[in-house]
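A.B. asks: Pasting in a structure now, in structure tokens, and then I'll have a few things to ask.
The values are calculated or read from the model by the stated rules, or taken from the named source; none is laboratory data. As the structure is a computational prediction, the values presented were derived from the model and not from experiment. Here Cβ is always computed from backbone atoms with ideal geometry, including for glycine, and neighbour counts include all displayed protein chains.
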Amino acid sequence: MSAKSTIAIVGSGFGGFTLAHELSLAKYDVVVISPMRTIQYTPLLASAAAGMFNFRLAEDPVRRRNRLPGLQYYKASVCDIDFSGKTLRCTPAVPDIADNELSGDKHAFTVTYDTLVLAPGCTVETFGTPGADEHAIFLRTTDDARRVQKRLLEMVDAASLPGLTPAQQRDMLRVIVVGGGAIGIEATAELYDLWHHDLRFLYPHLDVEGENGLLAIEVHDVAPGILGNFDSRLAEYALQKLQRRGVRVETGSHITRLEDGAMYTKERGGDNNPLRYGMLIWATGNGVNPLVGKLDVKKAGRMQRIVTDRKLRVQQSTPPQGGGGDDAVMPDVYALGDCADIEGYSLPMLAEVAVQQAKYLAKQLNARGERGEQADEGFTYQQRPNLAYLGEHDGVAAGDDVRNA
């Protein structure tokens, strides 16, 4: 009996995680390399931060007893790929332990593969804003959600100390959410619900001057409107709902820099007029993954996403002269999720896209014959409803099949 071939998956997001648990372990050994040992259910992070449920419900581990020993996981980052030699150079994403130097390049190691699937996702786009990395909370992981919850409690406890003026309390209790997309709006809604239905009754001395008391939530976005992925009527509905609840929405807001507890915008006069805050959540769009940026493959678009064909096969940066079709793709290399885009079939950067791509690819790989053939059909995305929670048990949904969801 021949030995099983190895499929290496870079990334444990929606695409990588789904693929790892859909592949046949009777046919393949699967290796997942990712600095995150769990998949992060990002749509649930805001609810977890607001205490709606346990943080553990917002993530799932890559390692599962029923998938061992065929599925292996390394907590590491892939820093380089040798496509011709089919090897990955990895650096551990763990601290030094028991006087063993493990972090970074100190304990770099190599993983060999027969088939490679790139699904590292993307990074948070800060647009080079000075101070963003140091002073903002990025709502991408359960650790971030815990930071939001911890910081909010620190804010209300600090504002409850004697001897503070109302102006000082307002600055301490100001929450700024940067980003008017679904993640930013849902974070705003969950924090509003937490204050309105819970915290204001525990801190009644802060529940003054209107429905929201001294707590203020502001949404800032450089775009002219919020929820850009939704129909304009739904976006306007969401805007009106938030404003009626006392949420200040500042569109066309150009942030020039951040400091600890202070945000500066072009519209407020730059350095001359800081907006004080107790917590700032950065929930903007996606940025280029460092690994993707250095790969010698075909890339396109503002984010330089990896270009694939409809079978999710990665295309060469320089195809052979006169070559096309199978000649233009890299052998045994696939890409899916936010890091990749299908040539001639561009899709939104959504978790649902990554999940469907992973299921499609797993089906094709599991169906491989001994000669390695794949079915001829390419990937087709089945649109699902796009949802955004607005607070107070209200929300908006967009998509062709909303009524059937």
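A.B. asks: Among the residues in the stretch 156-164, are any surrounded by 18 or more Cβ atoms within 10 Å (Cβ to Cβ) and within 16 Å of the chain's Cα centre (by Cα)?
C.D. replies: Just the residues of the stretch 156-164 that are surrounded by 18 or more Cβ atoms within 10 Å (Cβ to Cβ), to begin with: 156, 159.
Retained after the next criterion (residues that are within 16 Å of the chain's Cα centre (by Cα)): none.
No, every residue in the stretch 156-164 fails to be surrounded by 18 or more Cβ atoms within 10 Å (Cβ to Cβ) and within 16 Å of the chain's Cα centre (by Cα).
A.B. asks: Please determine, by comparing only the residues of the stretch 354-384 that are touching an Asp or Glu at 6+ places or on another chain (Cβ under 8 Å) and of a type in the set (D, E, K, R), which one is modelled with the highest pLDDT.
C.D. replies: That would be K359.
A.B. asks: Here is a follow-up. Take L161 and decide whether it is outside any loop (DSSP other than H, G, I, E, B), without any contact (Cβ under 8 Å) to a residue 60 or more places away in the chain and aliphatic (A, V, I, L, M). Show your work before the answer.
C.D. replies: Details: outside any loop (DSSP other than H, G, I, E, B): no; without any contact (Cβ under 8 Å) to a residue 60 or more places away in the chain: yes; aliphatic (A, V, I, L, M): yes.
In short, no.
A.B. asks: Being free of Cβ contacts under 8 Å to residues at least 60 places away in the same chain, in contact with a Gly (Cβ under 9 Å, 6 or more places away or on another chain) and of a type in the set (A, V, I, L, M, F, W, C) is the filter; apply it to the stretch 332-368 and report the residue that is surrounded by the most Cβ atoms within 10 Å (Cβ to Cβ).
C.D. replies: V353
A.B. asks: Please name all residue pairs, on different chains or six or more residues apart, with Cβ atoms under 6 Å, provided the first residue is in the stretch 197-209 and is closer than 20 Å to E392 by Cα and the second residue is part of a loop (DSSP other than H, G, I, E, B).
C.D. replies: Sorted first by the residue in the stretch 197-209, then by its partner, the pairs are R200/D207; R200/G213; D207/G213.
A.B. asks: Also, I was wondering about something else. Would a scan of the stretch 63-84 turn up a residue that is of a type in the set (V, I, T) and more than 26 Å from G181 (Cβ to Cβ)?
C.D. replies: Filtering the stretch 63-84 for residues of a type in the set (V, I, T) gives 78, 81.
Applying the additional criterion that residues be more than 26 Å from G181 (Cβ to Cβ) yields 78, 81.
Yes: one or more hits.
A.B. asks: I'd like the full set of residues that are under 27 Å from L387 (Cα atoms) and not basic (K, R), limited to the stretch 157-183.
C.D. replies: First pass over the stretch 157-183, keeping only residues under 27 Å from L387 (Cα atoms): 174-183.
Passing the criteria: V175, I176, V177, V178, G179, G180, G181, A182, I183.
A.B. asks: I've got another one for you. In the set T87, T115, T91, T110, which member is surrounded by fewer than 12 Cβ atoms within 10 Å (Cβ to Cβ), touching a strand residue (DSSP E or B) at 6+ places or on another chain (Cβ under 7 Å) and modelled with pLDDT of 95 or more? If you could, list the steps in order and put the result at the bottom.
C.D. replies: Details: T87 fails: surrounded by fewer than 12 Cβ atoms within 10 Å (Cβ to Cβ); T115 fails: surrounded by fewer than 12 Cβ atoms within 10 Å (Cβ to Cβ); T91 fails: surrounded by fewer than 12 Cβ atoms within 10 Å (Cβ to Cβ).
The unique qualifying residue is T110.
A.B. asks: Let me ask something additional. Quick check: anything in the stretch 194-213 in contact with a strand residue (DSSP E or B) (Cβ under 7 Å, 6 or more places away or on another chain), under 21 Å from L242 (Cβ atoms) and surrounded by fewer than 21 Cβ atoms within 10 Å (Cβ to Cβ)?
C.D. replies: Narrowing the stretch 194-213 to residues in contact with a strand residue (DSSP E or B) (Cβ under 7 Å, 6 or more places away or on another chain): none.
Looking through the stretch 194-213, none of the residues is in contact with a strand residue (DSSP E or B) (Cβ under 7 Å, 6 or more places away or on another chain), under 21 Å from L242 (Cβ atoms) and surrounded by fewer than 21 Cβ atoms within 10 Å (Cβ to Cβ).
A.B. asks: Where residues in the stretch 21-46 are of a type in the set (A, V, I, L, M, F, W, C) and in contact with a helix residue (DSSP H, G or I) (Cβ under 8 Å, 6 or more places away or on another chain), which of them is nearest to W195 (Cα to Cα)?
C.D. replies: From the stretch 21-46, those of a type in the set (A, V, I, L, M, F, W, C) are 23, 25-26, 30-33, 36, 39, 44-46; that's our starting set.
Adding the requirement that they be in contact with a helix residue (DSSP H, G or I) (Cβ under 8 Å, 6 or more places away or on another chain) leaves 23, 25, 30, 32, 39, 44-46.
Working: L23: 44, L25: 47, V30: 45, V32: 40, I39: 29, L44: 18, L45: 17, A46: 14 Å.
Looking at residues that are of a type in the set (A, V, I, L, M, F, W, C) and in contact with a helix residue (DSSP H, G or I) (Cβ under 8 Å, 6 or more places away or on another chain), I get A46.
A.B. asks: Taking the criterion of being at pLDDT 95 or above and in a helix (DSSP H, G or I), would at least one residue in the stretch 172-181 satisfy it?
C.D. replies: Yes.
A.B. asks: With the requirement that a residue be under 24 Å from the mean Cα position of the chain (by Cα) and without any contact (Cβ under 8 Å) to a residue 40 or more places away in the chain, what does the stretch 253-295 give you?
C.D. replies: S253, H254, G293 - these are the residues of the stretch 253-295 that are under 24 Å from the mean Cα position of the chain (by Cα) and without any contact (Cβ under 8 Å) to a residue 40 or more places away in the chain.
A.B. asks: Which numbered condition in (1) outside any helix (DSSP H, G or I); (2) modelled with pLDDT under 95 is the only one that D326 fails?
C.D. replies: (1)
A.B. asks: Does at least one position in the stretch 61-78 carry a residue that is surrounded by fewer than 16 Cβ atoms within 10 Å (Cβ to Cβ) and either closer than 22 Å to A283 by Cα or in contact with a helix residue (DSSP H, G or I) (Cβ under 7 Å, 6 or more places away or on another chain) (or both)?
C.D. replies: The answer is no, given that none of the residues of the stretch 61-78 is surrounded by fewer than 16 Cβ atoms within 10 Å (Cβ to Cβ) and either closer than 22 Å to A283 by Cα or in contact with a helix residue (DSSP H, G or I) (Cβ under 7 Å, 6 or more places away or on another chain) (or both).
A.B. asks: What number of residues within the stretch 50-99 satisfy the criterion of being over 23 Å from K294 (Cβ atoms) and polar (S, T, N, Q)?
C.D. replies: Going through the stretch 50-99, the residues over 23 Å from K294 (Cβ atoms) turn out to be 50-73, 95-99.
Next cut, polar (S, T, N, Q) only: 54, 66, 72.
Residues in the stretch 50-99 being over 23 Å from K294 (Cβ atoms) and polar (S, T, N, Q): 3 in total.
A.B. asks: Which pairs turn up if I take residues in the stretch 10-35 that are free of Cβ contacts under 8 Å to residues at least 12 places away in the same chain and look for partners that are in a helix (DSSP H, G or I) with beta carbon separation below 6 Å, at least 6 apart in sequence or on another chain?
C.D. replies: Close Cβ pairs (under 6 Å, with a partner that is in a helix (DSSP H, G or I)) do not exist here.
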